[in-house]
Structure formats: structure tokens, C-alpha cells
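One structure is given below, encoded as C-alpha cells.
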Amino acid sequence: MMNLSALVHSLRCSLLHIERRLLRAAGLERQLAPALAVNGPGLLPQLVKDKLEERPSPEHPPGLLDSILWMAAPKKRRTIEVNRTRRRSDSKLIKVKTNIDICPECGHLKQKHALCGFCYMKICLETKLIRKQMKEMEGGSLNAPVVESVVVYDGETPSQQDKDKRIVERPRKRPAWFS
């Protein structure tokens, strides 16, 4: 069970918290001293004591707190050791890749789970030529048939399954990587 002094302290903290919230809601919160003050334009809203007086009168020149921009500032300077430790942490170092393999088709280096970049460019070029030939067969890009397409290279014959499909014949041998 809580002793009496702890209960009074808890109650006091709660009441102070409620009081701060009410003052903030009413706009009567006291101004805190700045950690860093920078001279800036007078674009920020200014506290006006009288509603009739928009601008400060010539009798009262603008003070230091009238047109400044409040910014946060660090309490202490970071040491060189701390900065270098943060910048050179293990999570920011370049990781050594151990999943690099040689492509069996072209011999270039590639990641084990990915397609070789050199082979990918060859596939893109072949696909582009196939699409160009299909466009010439159709007479335009908007006249595409709704049937599936089959690409047949030299020395190949269409199978029985390909009877109802559109057949595109390529005048070259089928590439090993395009099967």
C-alpha cells in the first residue's frame, strides 16, 4: 500500500499536469526561455495586448523577442569519437556478397537467385523482335487477336496443342536461353 507522502506527491503531479493542460488550452501558457534564438522575419504571429493596436507604437520599439525564430539546440557537443563511431557502425558498412555465381550461359558474374544482366538484355532484344513481328502480322497494335501466341523457330513444328493458337515463326535457331 502507498504511504501518505507518495499519495500526496502523485496527487500534486496530477493536478499540476491538469493545470498545464488548462493553461495551454486557454492560451495562457507561460513563455519559456529559448535554447537558441535566430534573427528572422516578423512573419510569425505576435502577441498583441490590445486588439486595437496591431503594430507596435513608435514609443515602444520592437524588442528582441518580437521577430525571432525559435529553434532547438544540442546541450553538449558530440565528440569526434562518438561521431566516428556512429558514422562507421557495422550497419552502415557495405556487406560482402557471398551469393555470386558464374552464369552458365554467358560466363558473366551474377547473383545466384537472379537472372544474369547480360542474358536479360539478350532476352529483351529477342522479345522485342518477336513483338515487332507480331505487330506486322496483325497490321497494327490495336488489332491483336484474343488467342494465345506460340513462337516457333527454324527446325521446329507446332504441336497438336498449338492448333488453335496464333503461331509466330522466327527465321533463326532457338536460343539456348530462350526455352
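The values are calculated or read from the model by the stated rules, or taken from the named source; none is laboratory data. Computed from a predicted model, the values in this text were never measured in an experiment. In case anyone asks, the SASA skips ligands and DNA or RNA and just uses the protein heavy atoms, side chains included. Shrake-Rupley method; radii C 1.70, N 1.55, O 1.52, S 1.80 Å.
Annotations
- Atom-type composition of the exposed protein surface of the stretch 78-179 places 55 percent of the accessible area on carbon and sulfur (1.4 angstrom probe).
- Links that overshoot a 28 Å alpha carbon limit, given the list LYS92/LYS122; LYS135/LYS173; LYS112/LYS132: LYS92/LYS122; LYS112/LYS132
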